[in-house]
1. Mind listing just one residue for me: the one in region A:60-75 that is within 14 Å of chain B (Cβ to nearest Cβ) and either more than 14 Å from DNA strand C (Cβ to nearest atom) or assigned to a helix (DSSP H, G or I) (or both) and, of those, farthest from B:Tyr208 (Cα to Cα)?
2. Spot the failing condition for B:Ile78; the list is (1) assigned to a helix (DSSP H, G or I); (2) away from DNA strand C (no atom under 12 Å from the Cβ); (3) more than 8 Å from chain A (Cβ to nearest Cβ); (4) without any contact (Cβ under 8 Å) to a residue 60 or more places away in the chain, and only one is missed.
3. Pick from A:Pro11, A:Pro49: which is more than 15 Å from A:Ser73 (Cβ to Cβ), within 9 Å of DNA strand C (Cβ to nearest atom) and in contact with a Ser or Thr (Cβ under 6 Å, 6 or more places away or on another chain)?
4. Can you list residue pairs whose Cβ atoms sit under 9 Å apart, with the first residue in region A:30-43 being within 14 Å of chain B (Cβ to nearest Cβ) and the second being within 15 Å of DNA strand C (Cβ to nearest atom)? Count only pairs 6 or more apart in sequence or on different chains.
5. Going through A:Gly132, A:Gly172, A:Gly127, A:Gly153 one at a time, which residue ends up being touching a Lys or Arg at 6+ places or on another chain (Cβ under 6 Å) and either under 30 Å from A:Ile10 (Cα atoms) or away from every other protein chain (no Cβ under 11 Å) (or both)?
6. Taking the criterion of being β-branched (Val, Ile, Thr), under 28 Å from A:Val193 (Cα atoms) and away from DNA strand D (no atom under 16 Å from the Cβ), would at least one residue in region B:18-35 satisfy it?
7. So, in region A:36-82, how many residues would count as being more than 13 Å from DNA strand D (Cβ to nearest atom) and surrounded by fewer than 16 Cβ atoms within 10 Å (Cβ to Cβ)?
8. Could you list all residues from region B:125-164 that are closer than 21 Å to B:Ala101 by Cα, touching a residue at least 40 places away in the same chain (Cβ under 8 Å) and loosely packed, with under 13 Cβ neighbours inside 10 Å?
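The values are calculated or read from the model by the stated rules, or taken from the named source; none is laboratory data. This structure is a prediction, so every number in the text was calculated from the model and none was measured. Positions of Cβ are generated from backbone atoms using ideal geometry, with glycine treated the same way; all protein chains shown enter the neighbour counts.
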2 protein chains.
Amino acid sequence: MKYNMKYKAIPKETIGRLFTYFRALVCLSREGNKTVSSYKLAEICQLNPSIIRKDFSYFGELGKRGVGYNVESLLLMIRSELKLDPAIKIAVVGIGNIGKALLAYSGFKPDGFRIVAAFDSHPKKIGKKVGGLTVENASKLEKRVKTLGIQMGILAVPESAAPQVVLSLAKGGVKAILSFAPCQLTTPKDMNVICVDLSMEMARLLYYSMGQKLHKARARKS
Amino acid sequence: MKYNMKYKAIPKETIGRLFTYFRALVCLSREGNKTVSSYKLAEICQLNPSIIRKDFSYFGELGKRGVGYNVESLLLMIRSELKLDPAIKIAVVGIGNIGKALLAYSGFKPDGFRIVAAFDSHPKKIGKKVGGLTVENASKLEKRVKTLGIQMGILAVPESAAPQVVLSLAKGGVKAILSFAPCQLTTPKDMNVICVDLSMEMARLLYYSMGQKLHKARARKS
DNA sequence: ATGTGTGAAGAGCTTCACAGCC
DNA sequence: GGCTGTGAAGCTCTTCACACAT
C-alpha cells in the first residue's frame, strides 16, 4: 500500500490549550484581525510559538507559510473540536447565586455554551426572568427536559435536593451533569457526572494568581 | 561531605493534584477516618496509587509502611503547601451574581479560602449583609484595603469599572488580583493578575463532563 | 500480610532547528 | 524576509516493580 496512515493521539494538554486559544482568537477577531501568526498568538497566550504550531498541526495544515493562520478558520475548527456548538442544549437547575451567575454569563457570551432552560422549586422564583430565560417549575423537570431535548444539566441546588434532581434528569434522558452540589451523588449508570467544588476551584485560581516562586524547587534528603 | 543533598523540583501536575487530594481528605476526615492508604485515595480520586505515593514523597516521608497516611497530617501539609491558610486576606469587589456566589461559598467552607471584606459602589448594596459580611463603599477601597491588610482582590465588577478598582487595589498594596472582568486590564508592574473567562471555564468543565471518547485518537496523513 | 518509598523504565509532551513555501 | 510544519532531541511526568518497614 502506498498511503501509510499514521494515527496520532491528540495530547490532552493540547485540548486544554484550545480553550485558551479560543478566548484569544475571539478577541483578535473582534479587533478585526484576519490572520494571526503563531508568534503573535504565543505572545497573547504566554506560550512558546512552536507548541502552538504543533497543536494546530493535529487538526490539519491550517496555516499558510509566510502569512500565518486565518483567525476565522481557527475559530471554526476549535468550536467544532470543543463542541462549543450552540446546538448542545443545557439546563440549569437551582437559581441561587451560582445559577444566576451562570445564566447572566451565558446570555452575554453566546460563544461558549448555551443554556436553554432554568428550573427551581421555590414558588417565588418560578416565573421570574433571569438572564433572558423564564424560571420553570422543577417538578416539571423530567417532562420539559424530554420535550426540549436537553442533553446536559447543571446542578446548582442545595445538597439535599440533588439526588431527586439527578433522578429526574436521568429519567428525562440527560447523560451528563455538572454539579456544584457537594459530591457523592448516587450516579445512575451511563450518566456522566462531574462535581465541582467551587471553593477548591477558587483556591486553585488564587494559588496560581499568587505567583508562588517558592514552589519551583525544594530540598530533599539524599 | 557525608550528606549529599538532592534538590528536586515539584512537578506542577503534583501541585494540581494536591487540590484534588485535599477535597477527598476533607471528606475522609469528616467521615472519621484517621488514616488512608494510597490505594483508597487512588480509588476516590480516580488515580494510580503510585502517583499518589510519589506526590506525597516530595514533601517528606509522610506515610507508615503497612498502615498508610495520617489524614490530618496530610491535610496540614497540603494546607500549608497550597496556602489555604485563612491568614491570607481576600476582598471581593463587586457584589453582583458572581460576587454573591463567592461570598456565600466562602462562608460555608472555611477550608478553602477566606474572604474578609466585600465592596460595591451601588448605594442599594452598601451596608447590606452578604454571606456574613457587610458590603462596604467601594470609594473607601484603598484605605480599607490598607487598614485590613488585604493581600488579594477578586474583581467581579463590570468591565467599565475594572481599571479604577485595579488602581485602588494597587495603591492599597494588593499584589494579586483574580478578575472575572473581560481581560486586557492595564496591569501595574509587580501586580499579578489572572483573568477568568467564566464562560470558557464552564465550557471546559462541560467538555470534560461530556466524556468525549472521540478525542482519544485521530487520523493523520503520513 | 499490608502498604510505603523510590530508582529505573517507559510514556508523553515540549522545544529545537531547519526544510519548505509564500 | 516571514512563517508554517515536523522529525528528532530533550525534558518531564507516570508507571512499574520491588526492597523495606510495620
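1. Residues of region A:60-75 within 14 Å of chain B (Cβ to nearest Cβ): A:60-62, A:75.
Those left that are additionally either more than 14 Å from DNA strand C (Cβ to nearest atom) or assigned to a helix (DSSP H, G or I) (or both): A:60, A:75.
Numbers: A:Gly60: 23, A:Leu75: 20 Å.
Looking at the filtered set, the residue picked out is A:Gly60.
2. Evaluating B:Ile78 over (1) assigned to a helix (DSSP H, G or I); (2) away from DNA strand C (no atom under 12 Å from the Cβ); (3) more than 8 Å from chain A (Cβ to nearest Cβ); (4) without any contact (Cβ under 8 Å) to a residue 60 or more places away in the chain leaves (4) as the failure.
3. On the way: A:Pro11 fails: in contact with a Ser or Thr (Cβ under 6 Å, 6 or more places away or on another chain).
The unique qualifying residue is A:Pro49.
4. What qualifies is A:Glu43/A:Pro49.
5. Details: A:Gly132 fails: touching a Lys or Arg at 6+ places or on another chain (Cβ under 6 Å); A:Gly127 fails: touching a Lys or Arg at 6+ places or on another chain (Cβ under 6 Å); A:Gly153 fails: touching a Lys or Arg at 6+ places or on another chain (Cβ under 6 Å).
When all the criteria are applied, what remains is A:Gly172.
6. Narrowing region B:18-35 to residues β-branched (Val, Ile, Thr): B:20, B:26, B:35.
Remaining after also requiring under 28 Å from A:Val193 (Cα atoms): B:20, B:26, B:35.
Going one step further and asking which of them are away from DNA strand D (no atom under 16 Å from the Cβ), we end up with B:26.
The answer is yes, given that some residue of region B:18-35 is β-branched (Val, Ile, Thr), under 28 Å from A:Val193 (Cα atoms) and away from DNA strand D (no atom under 16 Å from the Cβ).
7. Going through region A:36-82 one residue at a time, the tally reaches 4.
8. Once the filter is applied, which keeps residues that are closer than 21 Å to B:Ala101 by Cα, touching a residue at least 40 places away in the same chain (Cβ under 8 Å) and loosely packed, with under 13 Cβ neighbours inside 10 Å, region B:125-164 yields only B:Pro158.
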